[in-house]
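Participant: Let me give you the structure first, and then I'll get to my questions.
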Amino acid sequence: MFLTLALFRKGIPGKQWIGKYRRPRQITWQMKRNLIEKLEVEAENEYWLSRAYMTKEQEKGHAAEYRLQRWATLKASQIKSFPGHRHVGDHLNQLNVSKKWTIP
């Protein structure tokens, strides 16, 4: 029971669940159980993250071939989709239709 209710015989000002003088929430056994489960999962994650999968020597450059292969395929796909070279002479060649050349 709140001190406010006991002393002043009136309700809590504003909302009872939020604010500076809010009513504290009851901690249930389900809340305790859920918190313990979350802490156990977090402890297990910390355990597995603290163990190295590879040594520093194994880790250095282990994916170099894979990255090089991916870069080569990406570069090849970009080159394939890129349009071919165009020259100004080819573009303006249509203007030469009306030109009459004389044979010397």
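The values are calculated or read from the model by the stated rules, or taken from the named source; none is laboratory data. Bear in mind that the values here come from a model prediction, so they are computed numbers and not experimental data. Ligands, DNA and RNA are excluded from the accessible area calculation, which covers all protein heavy atoms including side chains. Shrake-Rupley method; radii C 1.70, N 1.55, O 1.52, S 1.80 Å.
Participant: When the range 61-72 is examined, which residues are found to be open to solvent by 80 Å² or more (accessible area, probe 1.4 Å) and modelled with pLDDT of 90 or more?
Facilitator: Correct list: Glu65, Tyr66, Arg67, Leu68, Gln69, Arg70, Trp71.
Participant: Which members of the range 35-78 meet the condition of being more than 23 Å from the chain's Cα centre (by Cα) and of a type in the set (D, E, K, R)?
Facilitator: Glu37, Lys38, Glu40, Glu44, Arg51, Lys56, Glu57, Glu59, Lys60, Glu65, Lys75
Participant: All but one of (1) open to solvent by 80 Å² or more (accessible area, probe 1.4 Å); (2) under 25 Å from the mean Cα position of the chain (by Cα) hold for Lys32, so report the exception by its number.
Facilitator: Checking Lys32 against (1) open to solvent by 80 Å² or more (accessible area, probe 1.4 Å); (2) under 25 Å from the mean Cα position of the chain (by Cα), the one that fails is (2).
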